[in-house]
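The values are calculated or read from the model by the stated rules, or taken from the named source; none is laboratory data. Since this is a predicted model, take the numbers as computed values, not measurements.
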Amino acid sequence: MSAMQRIMTIAAATLMAGPAFAAGDKPFFSLANTDFVVTIGFLVFIGVLLYFKVPSTLMGLLDKRAEGIQSELDEAKSLRDEAQALLASYERRQREVQEQADRIIAHAKEEAALAGEQAKADLEKSIQRRLAAAEDQIASAQAGAVKEVRDRAIVVAIKAAQDVVAKQMTAKAAAKTIDDAIAEVGQKLH
């Protein structure tokens with residue numbers, strides 16, 4: 001059933017069931033009857049709407065609006081999907097950066113531990129070198145002190161020997177003994 005047929009059916013039903021039939025003193029199809037005039041005006045109005053294809057135009061506009069809304073919904077859905085993908089990408093990147101930071105921290109801790117062990121070993125070596133140097137200085141000082149004591153003892157012994165020999169010897173024998181002792185001491189010192 002077309003739109004025109006539907007409108008005609010509705011108009012006929014309206015005319016039959018309307019209060020126009022109730023007006024008993026005026027004939028229905030007279031221009032003096034306001035119900036008839038309103039019915040004619042209504043039918044003309046419906047006819048004009050159908051002639052200018054207003055219902056199909058309205059339906060077309062509604063369809064276009066529905067298509068626009070659907071395209072906006074599709075675009076919103078695609079934007080939402082894109083945003084979710086971007087969020088997942090950022091979350092994945094954040095996890096990667098966190099893992100990299102954890103690896104860097106672990107590596108830095110390992111390097112710090114190794115550097116601490118190396119510093120401890122270097123300190124122990126330095127202490128051992130200083131102890132060895134101090135022992136060398138002590139040994140050198142001790143050797144110097146022993147040499148000084150020997151030299152002093154030799155000088156004292158020579159002096160004492162000279163005094164003893166000078167008292168017991170004659171001048172000629174004393175000179176010879178002194179010369180021999182000096183030569184002997186000179187040989188021992190060198």
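Just one of LEU79, LEU50 is modelled with pLDDT of 95 or more and of a type in the set (A, V, I, L, M, F, W, C); which is it? Quick ask: steps written out before the conclusion?
Numbers: LEU50 fails: modelled with pLDDT of 95 or more.
Answer to the check: LEU79.
Does ALA161 satisfy the criteria of being assigned to a helix (DSSP H, G or I) and modelled with pLDDT of 85 or more? Spell out the reasoning first.
Values: assigned to a helix (DSSP H, G or I): yes; modelled with pLDDT of 85 or more: no.
Considered against the rule, which asks whether it is assigned to a helix (DSSP H, G or I) and modelled with pLDDT of 85 or more, ALA161 comes out as no.
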